[in-house]
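Below is one structure; the comments refer to it alone.
The values are calculated or read from the model by the stated rules, or taken from the named source; none is laboratory data. Values in this document were obtained by computation on a predicted structure and should not be read as measured data. Virtual Cβ from ideal backbone geometry, glycine too; neighbours counted across all protein chains shown. These area figures cover heavy atoms from the full protein model, side chains too; ligands, DNA and RNA do not enter into them. Shrake-Rupley method; radii C 1.70, N 1.55, O 1.52, S 1.80 Å.
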Amino acid sequence: MIGKIFLLLVCLSILTACYDSDQNSMANCERNFFDPKRTSAQVLDNEHMVLKRVINPDTTFFYLEWLDANDQLSLLIFHPGHKNFLGAESLSHYYVSGDIKASCPSDPSINGVPTQFIDIFNAEKISHCVVNAKQPDDRPLTITYWRFLGFRTPEGILSPTCEENFLYLVFTTSQVNPVNPDDRYFAEIYNGVNDCVYIYRLLSGSLGIITRSFCYREELAPTTSSEKYGNRYMQGLLDPDAIHISHSGSTLVISPENMTDEMIFVGL
């Protein structure tokens, strides 16, 4: 008899807890989407996120893309006009701390993907992202994708911007004039801004020179900071005087005449 009474009490307790949970969930979802008092689902501290923008005829707003430790994608909407994103550019990267609120069936979606509201505590823009490229075996100077690691400055390596992080250089063996060969070869350069034809010549010793032949099109960089960095990258490679080329193993170092910082590459 006592056992039956105990079992009955346990069942009542579970039913009461479920009822309370349902009531709390309903109360939570009756709140405004941007209400910071909505039930918390997860609190984040300095998580790397990418700011993106939705542009429709009837609405324009920013949201954050976040990949968690398990590579699960979350789309997070924050309160419009948040002070940390005033004047921000789409595709900029941030370290974000905030409180992700529990989802509700009525919450909006982006291209069919559910979103969540994040009450942001702090957001700090990330200007540069370190290139994590594995050092391979020795690579030849030509026919190698040389990925740019950054400018070597007195303060250390100044890495590429996060939004345009894959900058590269290739010295091909394709001659400009295969009918009457000379010392001119095609080079491939990507700086995230344009699509152009480049020509290089290896001069005496470690000297070389790269010139731009023509461009198919000019494209805008994702952000003003990536455009500024990309322009500096091209300024170094297209030094009209000459570039000093130092190649050893899987590392390429280019020292332009027109700047004090060295350009560091790793062969892929």
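Note on the chain: GNM, Cα springs under 10 Å; of Gly87, Gly249, Gly208, the largest mean-square fluctuation is that of Gly87.
On region 36-138, 48 percent of the accessible area sits on carbon and sulfur atoms, based on a 1.4 Å probe. Placing +1 on the Cβ of every Lys and Arg and -1 on the Cβ of every Asp and Glu, with nothing else charged, gives the chain a dipole about its Cα centre of roughly 260 debye. What's the carbon and sulfur percent of region 139-249's accessible surface, probe 1.4 angstrom, rounded to a whole number? That share works out to 52 percent.
With the whole protein complex present, Ile189 retains an accessible surface near 20 Å², based on a 1.4 Å probe. Across the chain, the relative contact order, built from alpha-carbon pairs under 8 Å that are at least six residues apart, equals 14 percent. Note that region 83-214 shows a convex hull volume over its alpha carbon atoms of 222 Å³ per residue. A Cβ-based charge dipole, computed about the Cα centre of region 114-268 with Lys and Arg at +1 and Asp and Glu at -1, lands at about 200 debye. Using a probe of 1.4 Å on the protein chains alone, the accessible area found for Arg31 is around 100 Å².
Since only Ala41, Tyr145, Ser248 are under comparison, the one whose Cα sits farthest along the positive direction of the charge dipole of the chain, derived from C-beta charges on Lys, Arg, Asp and Glu, is Ala41. Heavy-atom accessible surface of Leu75, to the nearest 10 Å², is about 10 Å², with a 1.4 Å probe and all protein chains retained. Once the 1.4 Å probe is applied to the protein heavy atoms, the chain comes out at 58 Å² accessible per residue.
The candidates Tyr185, Tyr229, arranged from most to least accessible area with a 1.4 Å probe in the full protein assembly, appear as Tyr185, Tyr229. The aspartates and glutamates whose alpha-carbon is closer than 20 Å to the alpha-carbon of Lys83, local same-chain residues fewer than 8 away aside, are Asp35, Asp45, Glu47, Glu65, Asp99, Asp119, Glu124.
Note on semi-axes √(5λ) of the Cα gyration tensor in Å: of the candidates (i) 55, 21, 16; (ii) 36, 30, 16; (iii) 33, 22, 17, the value calculated from this structure sits at (i). Near Gln175, once Lys and Arg are set to +1 and Asp and Glu to -1 for all other residues with Cβ below 14 Å from its Cβ, the sum equals 0.
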